[in-house]
Structures are given as C-alpha cells and as structure tokens.
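Scroll down for the structure; my scribbles are underneath it.
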Amino acid sequence: MLKEIEQLLLLQDRDQKIKMFKAELETVPLEQQRIDQLVVSKNHAFEQIRQRNRDVEVQKKKLELDAQSRRDSIAKYKTQQFQTRKNDEFQAIGQEIHRFEKEIEQIEDKEIELMELSERIQSEMGHADQELKEATRQSAQLLADLKRKQSTLEERLREAQAEREQLTQGLDPDLLFQYSRLFTSKGGNAIVPVEHEFCKGCHMKNTSALVHRAKMGLDIVHCEQCGRILYSAD
Ligand SMILES: [Zn+2]
C-alpha cells in the first residue's frame, strides 16, 4: 500500500474521531438544559401548591374574622336586649341575634371544609417537596456525570487533534488539501476501499483499468463516480 494512503487512513481515523467528539460535545449544553428542567418543573409544581396553601390560609383567616365580628355583634345586641324594656324591641333584637347565630354556623361549616382542604394541600405539599428534593439530588448527580463526560471528551479531542497534527507532517500539501475537501464534502469519508471494482463510498462500479491502478498502489487514485480517494482492500 502506498505510504501516503496509509498516512491518509490514519489521518481519516483521527478526523472521524474529532468529528464525533465535537458532535458529542455540542449536545452538552442541550443535555444540561434538560437536566436543569427537571428541577424547574418540580419547583414550579411545589410553588403552585404552596400558593394554593397560602390562598386557603387567607380564606381561613377571613372566615375567622367574619365569625368574630358576628360574635361581637351578638354580644352588643345581648347587652341592648338586657337593657330594653320594650317587648317588640326585645323581640327584634332577638331575631337579629338569631340571624347572626345562623350565619356563624354557616361560616363554621365553611371553616371545616377549608380545614379538610388544607390538610389535603399540606399532604400534597409534603409530597411535592419530596419530589423537588429528589429531583435536585438527581440533577446534581446527572450534572456531575455530564461534566465528567465533557472533560473526558475534551481530553480525547485534544489528543486526537495532537495526533492529527503529527500525521499531517510530511504529507504533500496538495494531497492534504484534496483529502480535506473530500472529508468535508463526503460526510467524513474521503478515502475508501474499492472492493470487486465497487467504490465503498458511493457503491458504484469503476473501470478495471482504474481498479488495477489502485491495486498496484503506485499513485493516488480517485473514484470515477464520486471522486473519493480509493485504496485496494483485496
Ligand atoms: Zn465512489
């Protein structure tokens, strides 16, 4: 095999690795976003329940105040009732007191409903808090794994780039230029084997004369169909 072909094959191997490492590194920010999102969504769920809890607490407070103001009114009416000497006024005040007592009953029913609701919300909030803690723990772990993966990839990329640099030493600049252009335009396959007259890059047949030249390994041979550099694998 032609010395240049051997060198180009090694170079292509490093270039393919470089391409792969770069592609993997490009997915890192997206993966990081995905991991961050785990916590964001759980935090959002927790905050929503916490807000519902606050709303219920406000409603409970309001009902307490409503009931208290009616109790205060009843106390005032009872004093008035005690002081009056008119029978019809006594009766009228009695009706007012009765009306307030009914309202207090209704308020207390609502308070019981809210207390039950509040208990359910508390339990949901505890659950959401657990999930948030779990997601936070998990995402910290995933981020640490991702960072490790990233630094490993970066190190391998640097190694492959250094090896690539070495491999280009002493290579004919024109050949290197041809190879590089093909590597970019042919999806990372610039130099391919020819098997039974078929190019393994484009899967098209080449003339016997050309395949013979590739087998002889005396010069650089290009596929007649796709232009890739061919070497004999037979
Ligand atoms: Zn071809």
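Rule-based calculations on the coordinates, nothing more; no lab input. Since we're looking at a predicted model, the values are computed, not measured. FYI the Cβ positions are ideal-geometry reconstructions off the backbone, even for glycines, and counts take in every protein chain you see.
Separation between the residue 43 and residue 125 pseudo-spin-labels, each 7 Å from Cα along Cα→Cβ, expressed in nm?
1.9
So if each residue of separation counts as 0.36 nm, and I subtract the Cα-Cα distance between residue 176 and residue 113, what length gain in nm does that give?
Difference between extended and current length: 14.6 nm.
Sticking with the crude label model, points 7 Å out along Cα→Cβ, report the distance from residue 162 to residue 2 in nm, one decimal please.
Distance between label points: 3.1 nm.
Just to verify a number: FRET efficiency for residue 224 and residue 185, C-beta to C-beta distance, R0 = 22 Å, to 0.05?
0.85
Grab the DSSP H runs of the chain that are 4 residues or longer, score each as -39,500 (n - 2.57), total them, divide by all residues and round the 222 nm result to the nearest 500 deg cm²/dmol.
One gets -29000 deg cm²/dmol as the mean residue ellipticity at 222 nm.
Would you list which lysines come within 20 Å of residue 86, measuring only between C-alpha atoms, while excluding same-chain residues fewer than 8 positions from it?
76, 78
For residue 203 paired with residue 20, estimate the spin-label separation in nm (one decimal), with each label point 7 Å from Cα along the Cα-to-Cβ line.
2.2
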